[in-house]
Each structure stands twice: as C-alpha cells, then as structure tokens.
Amino acid sequence: MYFDSPENICLEDHIRGRKKRFKVRIRSYASSNISFLEVKSRNVHGRSIKMRLQRKSKKWDSPLSKDEWDFLSERVPFADELSPVLYSSYSRYTLAHLERGERITFDTNLEFKSISGTVFNPLNGLSIIEVKQGESDRYSPLHKLFRSHPNRKVPLGRTIRISKYVLGRLSTDDTLKPRTYAESLRELNRAAQSAQTS
C-alpha cells in the first residue's frame, strides 16, 4: 500500500525527475505474515536510502499508530499530509550471486487496486526484472546477458525504466499526467498486447 499527499508530491517529484524525492509504503510479506512501514528516499546526489519499521498491528493494512506517524514525521517533510492512494500485489522470485553481492528479482502477476477498489493489470503476461547490486557494475554477467538478448531493441526485450508506484498511479488514475513516462507506458502497453497474442 502506497501513501501520497493530496497534491501527489511523491508522484510528481518522481515523474519530474527531481533528485530529492520520497516513496512511502506498507510492504507485507504473505509467506511470513510480517509487514513493514517503509520510507525510501533519494538525496540530491542520487543515492537511495531505505528505512523501515516493522508493524506491530495484527492486520497489515490497519491505520498507522502514533509511533509509526512519528517514524514518518522524522523522515518525510510532508508526513502529516500523507494518506493511502494505491494498493499493489505481486509474486517475487529472487536469484542471488553471493560472491558478487548481486541479486536479480522477477516480479510476476502484478496487480494494482485503487482506493475505490477497482483492479488493474497493466502488465498482464509480463514480468518486471531488476538487477540489484551493492555497487553499480554494468559489466556484470547479468548485464551482459540482458545486452545479448536478440530482441532487446523491440518492446519485449527493451529496458524500460519505470517504478511500480508510478506505473500503478498512472494506470489507476487517468487524470494524472505521465509527462516523460508517456512513451514508456505506450511501450509497456504494446508489450502486454504482444504477450497476450503470442
């Protein structure tokens, strides 16, 4: 579950490419029944920092406690304006190279739900693949494998940069302006249509 302000500060800062921005969410793990309140921030130098607090409530999506609001207030300048704006769920598979400190994640069955309850599946038939490294290494075996994909220059093999939060908000609210993400959304739509017909 993602949070944002009435003015969509988190979303707008992300879409406009501002170096200093925030992402606030509750992440629940079905396998362990554990949930966390998370703040992911990026500073002016482009460095991402993730901070999280394990939830003590029985329901993962119960209202935030005073301690949780305090946690947000210490980290997000506009914390008092935040409220839930989007639900998302997906299945994740992870492969790790321990010696290189490198992981690759595959997110499948991605589903978004608006606060009003409408369900969206914008990537039906597709997966989100992310390479996660301690230090960026464009010459790692994983990056070489992706670059060697014979169809990487067409929609089904092309690298597209868009966060699940941005994708979810733009997919569930047509009043929001995609700005620089308009082309990425078109590529994803074409890829999803191609996956359904192949």
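Output the qualifying pairs, or none if there are none: Cβ atoms under 9 angstrom, residues six or more apart or on different chains, first residue in region 170-198 and outside the structural domain of residue 116 (by TED's automatic domain parsing), second residue in a helix (DSSP H, G or I).
none
Which residue out of 60, 69 is assigned to a loop (DSSP other than H, G, I, E, B), surrounded by 13 or more Cβ atoms within 10 Å (Cβ to Cβ) and of a type outside the set (Lys, Arg)? Walk me through it before giving the result.
Values: 69 fails: assigned to a loop (DSSP other than H, G, I, E, B).
The conditions single out 60.
May I ask you to verify whether residue 117 is in the same structural domain as residue 163 (by TED's automatic domain parsing), surrounded by 12 or more Cβ atoms within 10 Å (Cβ to Cβ) and small (Gly, Ala, Ser)?
no
Out of (1) crowded, with 19+ Cβ neighbours inside 10 Å; (2) within 18 Å of the chain's Cα centre (by Cα), the odd one out for residue 83 is which?
So residue 83 meets the others, but not (1).
Taking the options 98, 64, 82, name whichever one is out of contact with any His (no Cβ under 9 Å at 6 or more places or on another chain), free of Cβ contacts under 8 Å to residues at least 60 places away in the same chain and farther than 30 Å from residue 146 by Cα.
After applying the criteria, what remains is 64.
Among 77, 84, which is the only one that is part of a strand (DSSP E or B) and modelled with pLDDT of 95 or more? Steps first, please.
On the way: 77 fails: part of a strand (DSSP E or B).
Result: 84 is the single residue among 77, 84 that is part of a strand (DSSP E or B) and modelled with pLDDT of 95 or more.
Would it be correct to say that residue 38 is more than 29 Å from residue 135 (Cβ to Cβ) and not hydrophobic (A, V, I, L, M, F, W, C)?
Against the criterion (more than 29 Å from residue 135 (Cβ to Cβ) and not hydrophobic (A, V, I, L, M, F, W, C)), residue 38 does not qualify.
Is it fair to say residue 142 is part of a helix (DSSP H, G or I), surrounded by 14 or more Cβ atoms within 10 Å (Cβ to Cβ) and at pLDDT 80 or above?
Numbers: part of a helix (DSSP H, G or I): yes; surrounded by 14 or more Cβ atoms within 10 Å (Cβ to Cβ): yes; at pLDDT 80 or above: no.
In short, no.
The values are calculated or read from the model by the stated rules, or taken from the named source; none is laboratory data. Treat the numbers as computed from the prediction; the structure is a model and nothing was measured. Methodologically, a virtual Cβ is constructed for each residue, glycine included, from the backbone with ideal geometry; neighbour enumeration extends over all protein chains shown.
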